[in-house]
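First up is the structure itself, then whatever we jot down about it.
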Amino acid sequence: MMTTPDLQRISYQRDQVTAGIMHVGVGAFHRAHQAVYIDSLLDFSSQWGICGVNLRTEDRPLFDALKAQNGQYVLKTISPDGEVAYREIGSIIELIDASAAYQVAVSRATDPSIRIISMTVTESGYNLDDDNVLDVSAKPIIDGLASGVGSSIYTFLHAVIRARASDGAGPITFLCCDNLRDNGGKLRSGLLQYLKAAGDMESVDWMTKHVTFPCSMVDRITPRIDSRHSLDVKQRFGIDDAVTVMGESYIQWVLEDHFANGRPPFEQAGVEIVDDVEPYEDAKIRVLNGGHTILTYLAALKGHHTYDAGILDPELRAFFRAYETEEVIPAIGESPIDLEAYRDIIESRFSNQHIGDTVERICMDGVSKFPIFVLPTVKGTVNQGRIPVRSIHGIASWYVFMRHVEAGRIPFKYVDPKWNWIAPMLKRGQEVAFATEPDLWGDVPTRCPEFVSTLVNEIEALDSIFSVQSEGVAG
Ligand code: CS2
C-alpha cells in the first residue's frame, strides 16, 4: 500500500544563509535543479545561498510570485512508477528583478562574497552560430551594445565585469547551466566577442585574468509551472505556494572543477565533479535533447498534447529507437558512457506518464535547437558515409509543423525568437532554401547533396500525410 508522502522541510536556519552565488534566469528548471543541490548543502555551507536575478520583462509575473514568498517554494517530484515526493526548497534567499532595477543587480554582483554567477537563459540566449560566431545583429545584442542594459546575458556580465574591476571585488566564476556542448567555452567565446564588439578591451583583459568558465551538464525534465501542483500542495499540506515546481525524480549534474574563487562542496550533494564534462554533455545533448527534438514535432502533428503520449505512440516510439540506435549512438562513436543503457534510461524517463511535460514546451525554439541537438548527429552520420534518413525525417517534421503553425492548425503558440527569419523559408518552393541553409545545417548540404534531396522528398511526403492545403500557407 502506498503511504501518503510527507513534506521534507528545510533543515537549516534560513536567516543564517548568505548569498555566494548569483543566478540569472530563475525559471522552473533552475528551481528544480541547481537550487535543489544548493539546498542540500546549506546545512553545513551557509555562505553559498543563491541571489536570483531576472533580466526579462516577460518573466516578471513568476519572478514576482516567487519574491512574494521570499524565494521559498515546494518541489514535487514523480518517478516513472508514480512515486511522489515533496520537499521545501529555501536556497534562493534574495531576488532582484534587473529588468526593473538593473543597477541594483549589478552592484549586488560586486559584493566580494558573490563568487559565482550561474545562469539558465536557454540555448537561444547565447546568440551563437555553429562556428561560435556571435550574432551581433540579434536585437538583445544590438540593444545591449547601444545602451549597456537589457535582457542579454552578455550585457549583464559585461556590466558585472566593469563593476567588479573598478571595485577590486576579486575573481569570479561564470557558470553556464544551459544545454550547449562545451557550454563554458561557448559562454566565454560569446562574451569575449561581445566585449570586443563593445570596444572594451579593459574588460577583455580583466575577464582573461579573473574569470573562469567551467563546463557543466545539467539534467532533470521539468515541465512549465502548473497551478494544479500548487493546489495539490495546498490540499495536502495547507501551504500557499503559487510557484510549486514539479519535475521527474531523476536528477544529474556533472561539473568541471574550474572555479576562480572557491566553490561549494558540490560533491556532498551528489554533483559529479569530473576533469572533462564533454563526453557527458555530448551524450546528453544528442541522446536526450536530440531525442526530444526529433520526436516532438511529429507528436504535435499527430495531435499529442504531452511528450509521453508521443513516445508511447508505437509508430513514434519505433522512430525514436531507430533514430537513437542507427544514427545518434554510431555518430557519437567512442564514449566512456554505455550509450545503449543511457538510451534505455532516457526512453523510460520520456515515457513517464505522471510528468505531463508538454509537446508545446519541447517544440519551442526549434531554430536554436536543431543546430545544437540534431546537427552533430547529422554530421557524424554523413562522416560515416551514410545518409541520415532518420534525422532527416525529424527535420522534415519540424518544417511541416511550422507550415501548420503558419496555417493556424497547431493548438498552441509556437515560440521561436527566430520566427521572422525562418518564416519566409516555409513558402511553397522554398524547401531547397531551407534544406541548404548554412545557419541550420552548416556545410552538410554541400558535402552531402543527398541530404538536400532526401529532405525535400521527406517534406513532400509528410506534407501530404498531414495534408497542409497550399492556400492555408503563407506564399
Ligand atoms: C528539452 C530540455 O527544451 C528541450 O528541448 O529537451 O528542456 C530537457 O527537458 C532538459 O534538458 C532535461 O534535462
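Scanning the range 32-59 for residues that are aliphatic (A, V, I, L, M) and touching a residue at least 60 places away in the same chain (Cβ under 8 Å) yields A32, V36, I38, L41, V53, L55.
Of the helices (runs of 4 or more DSSP H) lying entirely inside the range 60-155, those containing at least 1 residues that are touching a residue at least 60 places away in the same chain (Cβ under 8 Å), open to solvent by less than 20 Å² (accessible area, probe 1.4 Å) and more than 30 Å from V233 (Cβ to Cβ) are 102-109. A single entry from V243, V233 fulfils the requirement of being outside any loop (DSSP other than H, G, I, E, B) and away from the ligand (no atom under 16 Å from the Cβ): V233.
Identify the residue in the range 352-388 that is open to solvent by less than 20 Å² (accessible area, probe 1.4 Å) and in a loop (DSSP other than H, G, I, E, B) and, among all such residues, is farthest from the ligand (Cβ to nearest atom). If we take residues in the range 352-388 being open to solvent by less than 20 Å² (accessible area, probe 1.4 Å) and in a loop (DSSP other than H, G, I, E, B), then P388 is farthest from the ligand (Cβ to nearest atom).
When the residues of the range 262-295 are filtered to those that are away from the ligand (no atom under 16 Å from the Cβ) and open to solvent by less than 40 Å² (accessible area, probe 1.4 Å), which remaining residue is nearest to D178 (Cα to Cα)? So the residue we want is P279. Screening F434, F401 for residues that are within 16 Å of the ligand (Cβ to nearest atom) and open to solvent by less than 10 Å² (accessible area, probe 1.4 Å) leaves exactly one candidate, F401.
Exactly one residue out of K413, K418 is surrounded by fewer than 19 Cβ atoms within 10 Å (Cβ to Cβ) and farther than 21 Å from I372 by Cα, and it is K413.
For (1) modelled with pLDDT of 95 or more; (2) at negative phi; (3) in contact with a strand residue (DSSP E or B) (Cβ under 6 Å, 6 or more places away or on another chain), each residue gets a yes or a no:
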{"residue": "Q103", "(1), (2), (3)": "yes, yes, no"}
{"residue": "D111", "(1), (2), (3)": "yes, yes, no"}
{"residue": "R115", "(1), (2), (3)": "yes, yes, yes"}
{"residue": "D129", "(1), (2), (3)": "no, yes, no"}
{"residue": "A146", "(1), (2), (3)": "yes, yes, no"}
{"residue": "G150", "(1), (2), (3)": "yes, no, no"}
{"residue": "A163", "(1), (2), (3)": "yes, yes, no"}
{"residue": "D167", "(1), (2), (3)": "yes, yes, no"}
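The values are calculated or read from the model by the stated rules, or taken from the named source; none is laboratory data. These numbers come from a predicted model, not from an experiment. Glycine also receives a Cβ, built like all others from the backbone with ideal geometry; neighbour counts cover every protein chain displayed. Remember, those area values only see protein heavy atoms, side chains included, never the ligands or the DNA or RNA. Shrake-Rupley method; radii C 1.70, N 1.55, O 1.52, S 1.80 Å.
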